[in-house]
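The values are calculated or read from the model by the stated rules, or taken from the named source; none is laboratory data. As the structure is a computational prediction, the values presented were derived from the model and not from experiment. Positions of Cβ are generated from backbone atoms using ideal geometry, with glycine treated the same way; all protein chains shown enter the neighbour counts.
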Amino acid sequence: MADHNNQQKRIHPLADVEAPRSPSPTHPLFPRNTSKSDNPNGDHHRSPSQPIPRRTFPVSHSKPPKRKRSCLCRLLCWTFSLLLILIIAVGITVGVIYLIFRPKMPKFSVDQLQVVQFNLSGSNSLSATFDARITATNPNKRIGIYYEGGSNIEAWYEETNLARGSFPKFYQGHRNTTALTVIMTGQTEDASGLFNRLQQQQQETGNIPLNLKVKQPVRVKLGKLKLFKVKFRVRCRLVVDSLTAQNGIRIQNSSCKFRGIRL
């Protein structure tokens, strides 16, 4: 019994063969040629002639950010490109139409002017009625003109509108000449001074200058295509020998000019 107790006391714990062994350090904890010191700086065991080691830190170079085109710049570029393409397309279209149709402006002339009424009433009101014969000519070979309603023709002396009227609606074909009869009527208040100036000018010069201003909406027909409505502006300058009613007056000079087109 005593021998069994002595054998138990002689048994010593053995190392666990299956337990993982801690790896032995392969790198020294301190740099070579240096000694361990409790001082963090390690300056107690460094000789005065030995240079102090400096730590080097890696320098990181940041890449510059990539430039991005803004949405506004792209939008402006696309808008400018589309406008440029549109302008070029319109120019080409207009050029082709011009070469095919060779458009020419219509011509107007005042052939006759008759004074139906031109007198001053007791209330200093001037009543005027003119009967004008106007010729409209379309010189184009392939272009027709629709004279629409809403036209306006006015007879002016200096800065006074004496009478107004309008053209009838009609279609004028290719190379066509149409004679129109237009009646213009008007009334001017406080016209005693105006009436006296007209009589004085007729006595001194033997003529009276008048202006006819025409605003005529039309539609141009190119082949079978009827375009949108535009407005012609024409001005005719007349010189007549008198404005006496019920007498045949003579047009001494007449000239009409095309003033332009308005949408």
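Here are some notes:
- Check on Gly173, of a type outside the set (Lys, Arg), modelled with pLDDT of 90 or more and in contact with a strand residue (DSSP E or B) (Cβ under 6 Å, 6 or more places away or on another chain): yes
- Within segment 235-259, considering residues that are among the small types (Gly, Ala, Ser) and modelled with pLDDT under 90, the one surrounded by the fewest Cβ atoms within 10 Å (Cβ to Cβ): Gly248
- Identity of the residue in segment 96-151, over 30 Å from Leu225 (Cβ atoms) and not in a strand (DSSP E or B), that ends up nearest to the chain's Cα centre (by Cα): Ser125
- Filtered residues of segment 227-263 (kept if part of a strand (DSSP E or B), among the hydroxyl-bearing types (Ser, Thr, Tyr) and touching a residue at least 24 places away in the same chain (Cβ under 8 Å)): Ser254
- Selection of first residues in segment 215-226 that are more than 16 Å from Lys141 (Cα to Cα) and of second residues that are assigned to a loop (DSSP other than H, G, I, E, B) and of a type in the set (Phe, Trp, Tyr), restricted to Cβ pairs under 7 Å at least 6 apart or on distinct chains, gives the following pairs, ordered by first then second residue: Gln216/Phe167.
- Count of residues meeting criterion [more than 18 Å from Arg133 (Cβ to Cβ) and either among the small types (Gly, Ala, Ser) or at pLDDT 90 or above (or both)] in segment 204-228: 13
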